[in-house]
1. Scan the stretch 43-54 and tell me whether some residue there is at pLDDT 95 or above, under 30 Å from Lys173 (Cα atoms) and over 14 Å from the mean Cα position of the chain (by Cα).
2. So in the stretch 159-171, with the set limited to residues that are in a helix (DSSP H, G or I) and without any contact (Cβ under 8 Å) to a residue 24 or more places away in the chain, which one is nearest to the chain's Cα centre (by Cα)?
3. Restricting to the stretch 33-43, count the residues that are touching a residue at least 12 places away in the same chain (Cβ under 8 Å) and either in a loop (DSSP other than H, G, I, E, B) or within 16 Å of Phe176 (Cα to Cα) (or both).
4. What number of residues within the stretch 9-47 are of a type in the set (Lys, Arg) and under 12 Å from Ser130 (Cβ atoms)?
5. Tell me the residue from Phe115, Phe87, Phe109 that is in contact with a helix residue (DSSP H, G or I) (Cβ under 7 Å, 6 or more places away or on another chain), within 24 Å of Asp8 (Cα to Cα) and at pLDDT below 95, please.
6. Need the failing condition index for Arg28 against (1) under 24 Å from Leu172 (Cα atoms); (2) at pLDDT below 95; (3) outside any loop (DSSP other than H, G, I, E, B), just the number.
7. For the stretch 101-129, which residues satisfy the criterion of being of a type in the set (Gly, Ala, Ser) and either assigned to a strand (DSSP E or B) or farther than 26 Å from Ser158 by Cβ (or both)?
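The values are calculated or read from the model by the stated rules, or taken from the named source; none is laboratory data. Just so we're clear, the structure is a prediction, and the values are computed from it rather than from any experiment. Here the Cβ positions follow ideal geometry from the backbone for every residue, glycine too, while neighbour counts run over all protein chains shown.
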Amino acid sequence: MTESVRQDVKRWLENVVIGLNLCPFAARPHRMRLVDIVVSTATDEEQLLTELHHEIARLIATPVDELETTLIAVPNMLLCFQQYNDFLDIADALLEQGGWQGEIQIASFHPDYQFVDSEPDDTSNLTNCSPVPIFHLIREQSLTDALMNYADPDKIPSRNIAKLERLTLDELKDYFPYLYK
C-alpha cells in the first residue's frame, strides 16, 4: 500500500500541481529531485506527531541542495477533513514548540479540502485537493526566494481557480480520479 500511495501522490504532484502549474514554484525542485514523498504509517495522532517531528528535523538538517521540501502523505487517518483541519493546529503548535516557525511552514492538502466560506463543491477547493491527506513541509527561505522572482504572486489563487473552471468534466475526472470513483 505504501508504494501505491507514493505513486498516487507523485502522479498528483506531476499531473495536477506541476502539470496544471497550480504552484509555479514546484517544477524546479521536482525536476532537480529535491522533493521527498514520505508515506506515514501513523494510525493515531501521537504517532503522526512523532513522524512529523522527525520529518521537520530531517528537512532542517539536510542541505537545501539535497532536499528542498517534503510531502507527508497520511493514508491511514485524518480522512475526515474536519479532523485533518483540527490536526493542523496541533502541527502548527509542533512548529512553535520546536522553534521552527519562520524556518518551516506547512501547506495543507486533502481529498475533501474546503476553504472557509466556500461550499463543498466549489471549484476553488480543487486547488488543494489531493489523493490522500498531505502535509507539505516548505522551507520559508525557499518560498521567499521563489516569490521574489515571480510577478504578481497574489494572483496565483484566482488564476488557478479560473484554470480549473475551464476544465471539462472528463478533464476533471482525469486530473482528480479519486473524486470520481
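1. Yes.
2. Within the stretch 159-171, the match that is nearest to the chain's Cα centre (by Cα) is Arg159.
3. Number of matching residues: 5.
4. Residues flagged as of a type in the set (Lys, Arg) and under 12 Å from Ser130 (Cβ atoms) within the stretch 9-47 amount to 2.
5. Unique residue meeting the criteria: Phe115.
6. It is condition (1) that Arg28 fails.
7. Gly102, Ala107, Ser108
The rows are residues; the columns are (1) of a type outside the set (S, T, N, Q); (2) surrounded by 15 or more Cβ atoms within 10 Å (Cβ to Cβ); (3) more than 15 Å from the chain's Cα centre (by Cα); (4) in a strand (DSSP E or B).
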{"position": "Leu67", "(1), (2), (3), (4)": "yes, yes, yes, no"}
{"position": "Asn85", "(1), (2), (3), (4)": "no, yes, no, no"}
{"position": "Gly99", "(1), (2), (3), (4)": "yes, no, yes, no"}
{"position": "Pro131", "(1), (2), (3), (4)": "yes, yes, no, no"}
{"position": "Gln141", "(1), (2), (3), (4)": "no, no, yes, no"}
